[in-house]
């Protein structure tokens with residue numbers, strides 16, 4: 001369903017409210033007791049594929065419906081939205097490219113649905129979601145910063161100006177916390193909460209057709225990278241490492257899974273290096289879990305990375321990982337223990353690390369098992385959801401939406417009745 005519709009005559013001027021109204025940190029708006037459980041909106045910037053969308057979907061599926069009424073809304077359509085809907089969850093869409101119109105529509109939606117907490121995911125959702133939530137008087141405003149992208153000065157300034165209106169910022173790693181603080185958002189209340197993955201999804205038996213589809217021999221070592229084909233993911237350096245990898249393991253294949261702006265350039269590079277017969281471009285795949293299980297070594301050669309969902313997925317399959325020592329990755333992997341870390345943009349180091357794993361079965365098994373234990377202990381989706389819900393309850397209590405039973409003190413037990421502010 002497309003939620004964008006013309007506003008009826010006489011609707012409040014939400015843009016005017018944003019521009020003219022003083023911000024009150026703990027907003028109070030009339031909700032009476034029309035819904036006994038707090039209403040939580042998970043707001044997604046774009047419905048395409050990526051690590052942020054995977055995290056969003058995992059959280060959306062597992063939030064406790066006995067504690068919250070959960071809504072989902074995306075600011076564009078796409079495969080991630082289709083996947084959530086296929087899993088049986090409704091997702092509204094406000095597909096409006098004009099930001100001012102999108103804010104108006106979203107503010108009206110928040111008021112109509114009586115949302116108590118907005119949790120935004122990705123840049124556009126942060127910007128539009130915060131502005132719309134302030135205009136609508138939503139009691140709690142939160143956001144997760146998923147990306148390690150270096151923002152332009154104007155974008156960074158905009159986020160910094162909106163940050164005082166946010167009750168909590170969630171970041172997946174200490175590295176991203178430092179980055180966001182350096183962009184002028186140091187005054188925010190930060191919580192470092194690593195993304196988690198669904199261990200059950202990666203424990204089930206697999207049946208992958210990849211080798212048959214692309215004519216890859218059953219015994220050929222299979223390297224794989226699952227990431228958007230964009231410059232910051234560093235695919236170029238992995239392709240440049242392949243001649244050295246093949247010198248030691250002539251039967252090896254590299255599988256590049258994903259779509260993006262660098263597809264043609266990477267194909268041309270593989271041809272120019274004479275390795276095009278050993279590099280497979282699969283495009284977007286729906287069987288990533290099964291495909292990951294078939295890898296001999298998983299690689300993530302990123303130049304920057306918030307955390308790296310794809311390496312967690314490989315570790316959950318007990319597949320050894322080679323990754324760049326950038327961003328939040330060193331907070332996940334201890335090099336030589338549960339993975340191998342290499343400097344970014346270094347084809348030689350990539351080839352050496354990959355070769356050490358391809359030539360040493362015991363090393364592959366040891367690192368694969370250690371990686372699995374790391375994910376189980378620290379990066380499960382269940383742990384992420386529990387910690388997120390604790391943050392929700394803390395902020396809802398701070399805003400007066402939740403009250404302690406019988407005592408009048410804040411607590412996640414009873415929903416408070418909020419009053420309409422004067423004026």
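Overview of values
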{"quantity": "Alpha-carbon centroid distance for the pair segment 32-62 / segment 268-295, whole angstrom", "calculated": "32"}
{"quantity": "Antiparallel bridge percentage (DSSP; both residues within segment 210-378; nearest 5)", "calculated": "0"}
{"quantity": "Centroid-to-centroid separation of segment 340-381 and segment 86-108 [C-alpha atoms, Å]", "calculated": "41"}
{"quantity": "Helix 235-248 vs. the chain, principal-axis angle (Cα, 0 to 90°, nearest 10)", "calculated": "20"}
{"quantity": "Mean Cβ count within 10 Å, highest first, over the residues of peptides 337-343, 125-131", "calculated": "125-131, 337-343"}
{"quantity": "In degrees, nearest ten, helix 123-136 long axis to first principal axis of the chain (Cα)", "calculated": "10"}
{"quantity": "Ordering of 387-394, 243-250 by packing [mean C-beta count within 10 Å, highest first]", "calculated": "387-394, 243-250"}
{"quantity": "DSSP-defined beta bridges in the chain - what % are antiparallel, rounded to 5", "calculated": "5"}
{"quantity": "Expected 222 nm ellipticity per residue - DSSP helices of 4 or more, -39500 (n - 2.57), all of the chain, to 500", "calculated": "-11500 deg cm²/dmol"}
{"quantity": "P(r), alpha carbons of segment 210-378 - 10 Å bins starting at zero, rounded %", "calculated": "11, 44, 38, 7, 0"}
{"quantity": "Relative packing of peptides 355-368, 95-108 - highest average C-beta neighbours within 10 Å first", "calculated": "95-108, 355-368"}
{"quantity": "Stokes-Einstein diffusion coefficient of segment 300-393, Kirkwood radius over Cα pairs, 10 °C, 1.306 mPa s, in µm²/s", "calculated": "116"}
{"quantity": "Cα long-axis angle, helix 99-113 against the chain (0 to 90 degrees, to the nearest 10)", "calculated": "60"}
{"quantity": "Å³ per residue enclosed by the Cα convex hull of the chain", "calculated": "147"}
{"quantity": "nm² value of the averaged projected area, convex hull over the Cα atoms of segment 75-227", "calculated": "12.5"}
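FYI, it's all coordinate maths here, none of it is from the lab. Bear in mind the structure is a predicted one, so any value in this text is a computation, not a measurement. All Cβ positions, even for glycine, are placed from backbone atoms using ideal geometry, and neighbour counts span all protein chains on display.
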